[in-house]
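The structure appears right after this line, and notes come after that.
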Amino acid sequence: MSLAKKEYKRVTVKSLVDMKASGEKISMLTAYDYTMAKIVDGAGIDVILVGDSASNVMAGHETTLPITLDQMIYHASSVIRAIDRALIVVDLPFGSYQSDPKEALRSAIRIMKESGAHSVKLEGGKEIKESIKRILNAGIPVMGHLGLTPQSIYKFGTYTVRAKEEEEAIRLIQDAKMLERVGCFAIVLEKIPAKLAKQVAESVNIPIIGIGAGNGVDGQVLVLHDMLGMTHEFNPRFLRRYLNLYEDMTNAISQYVCDVKSQDFPNDNEQY
Ligand code: KIV
């Protein structure tokens, strides 16, 4: 069932701003490989994020810090080959943009040129303003990311809700306004109080896409493997699981093992 207000043959950064203006919520999920991206795109998602969460869900690292620019480009090009409609956003990984604006631009250009992605996402506010401006000046669309920014996990120390205190909430609103002013096309807000997220969404004209940020924002994003229930140890309150694939896949694979051992598989119809 589609609740789209308007059919978008191809979603662009402009479509997202139009969706916000018309009150249509934006759907966004992560994907990191061709097969999954094909399913996600075919199901009608608006935006696919090739997130640096690939470091966790694809490579098994504890944090997003170890994933490299080359690895992000590999994941992004696999996703790009699969899609017909969705807008593709690719995370600039930790260490590829923090040192200076020139390095940030070089990294963003590599992503765009080598993967064919449509835009990039960077974590942070005023401390990376010059890098964002430099990337935007080169004609590369930028999505911001505020609130819980997992690349700074060692600074925060925990993955708990951010901006509960007034000082941090004020800084976050200022950063969101700055990101809009310099030209970002959207912002991800991660794990902040719903009331604050709604206030941010109402104070800018660009779409605010939330994860753990309540329903007063302009769209929602989840990590695909979490919402499909392929991961099962990560259980934050904001996560809605639409399937329990961890259990279903485990059962299917156990059954296959049994069938091979018992010589039930392959049967007469499954051979030449
Ligand atoms: O990398 C990622 O998956 C993300 C989302 C959590 C927004 O940045």
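The values are calculated or read from the model by the stated rules, or taken from the named source; none is laboratory data. Source: prediction; values computed, not measured. A quick note on method: Cβ atoms are made from the backbone with ideal geometry, for glycine too, and the neighbour counts reach across all protein chains shown. In case anyone asks, the SASA skips ligands and DNA or RNA and just uses the protein heavy atoms, side chains included. Shrake-Rupley method; radii C 1.70, N 1.55, O 1.52, S 1.80 Å.
Just a few scattered comments:
- A 1.4 Å probe, protein heavy atoms only, puts the accessible area of ARG10 near 120 Å².
- Sorting THR158, THR35 by accessible area puts them as THR35, THR158; the probe is 1.4 Å, largest comes first, and only protein heavy atoms count.
- Residues listed by number, the stretch 140-179, amide nitrogen under 14 Å from ILE109 label point at 7 Å toward C-beta: 140
- Averaging the sequence gap over all C-alpha pairs within less than 8 Å and six or more residues apart, then dividing by the number of residues, gives the stretch 1-95 a relative contact order of 33 percent.
- Cα centroid separation - the stretch 85-126 against the stretch 162-189, whole Å: 19
- Over 19 Å [Cα-Cα, the stretch 85-215], rounded percent: 46
- Projected over every direction and averaged, the convex hull enclosing the alpha-carbon atoms of the stretch 44-116 yields 4.9 nm².
- Positive-end residue, the chain charge dipole about Cα centroid, Cβ charges, pick of SER27, PRO236, HIS225: SER27
- Extended-chain gain in nm, criterion 0.36 nm per residue less alpha-carbon gap, LYS177 and PHE234: 17.3 nm
- To the nearest 10, the accessible area of ASP259 is 40 Å² with a 1.4 Å probe.
- Where a label projected 7 Å from the Cα of THR12 along Cα→Cβ would reach, residues of the stretch 185-207 with amide N under 17 Å: 185-186, 207
- Scanning the chain for GluC sites (Glu not before Pro) in DSSP loops with at most 16 neighbouring Cβ atoms within 10 Å leaves 63-164 as the longest stretch between them.
- Projecting the Cα atoms of VAL260, VAL47, LEU245 onto the charge dipole of the chain (Cβ charges, centred on the Cα centre) puts VAL47 farthest toward the positive pole.
- For the residue pairs LYS113/LYS191; LYS129/LYS155; LYS20/LYS195; LYS177/LYS198, the alpha carbons lie more than 21 Å apart in LYS113/LYS191.
- Computed on the chain, with alpha-carbon pairs under 8 angstrom and 6+ residues apart, the relative contact order is 15 percent.
- For the stretch 182-227, the relative contact order comes to 36 percent (Cα pairs under 8 Å, sequence separation of at least 6).
- The stretch 27-160: C-alpha gyration tensor shape, a/c 1.5 cut-off, then a/b vs b/c: oblate
- Taking the accessible area of the chain, probe 1.4 Å, and keeping the other protein chains in place, the carbon and sulfur fraction comes to 53%.
- Three-way shape call for the stretch 13-241 based on the alpha-carbon gyration tensor, with the a/c threshold at 1.5: rounded
- Point-charge dipole on Cβ atoms (K/R +1, D/E -1) for the stretch 30-120, about Cα centre, debye to 20: 260
- When you filter the trypsin sites (Lys or Arg not before Pro) in the stretch 171-272 for DSSP loop state and at most 16 other Cβ atoms inside 10 Å of their Cβ, you are left with ARG237, ARG240, ARG241.
- Using Cβ point charges alone (K and R +1, D and E -1), the dipole size of the chain about the Cα centre works out to roughly 1160 debye.
- Ordered from largest to smallest accessible area (heavy atoms of protein chains, 1.4 Å probe), the residues ILE80, ILE73 come out as ILE80, ILE73.
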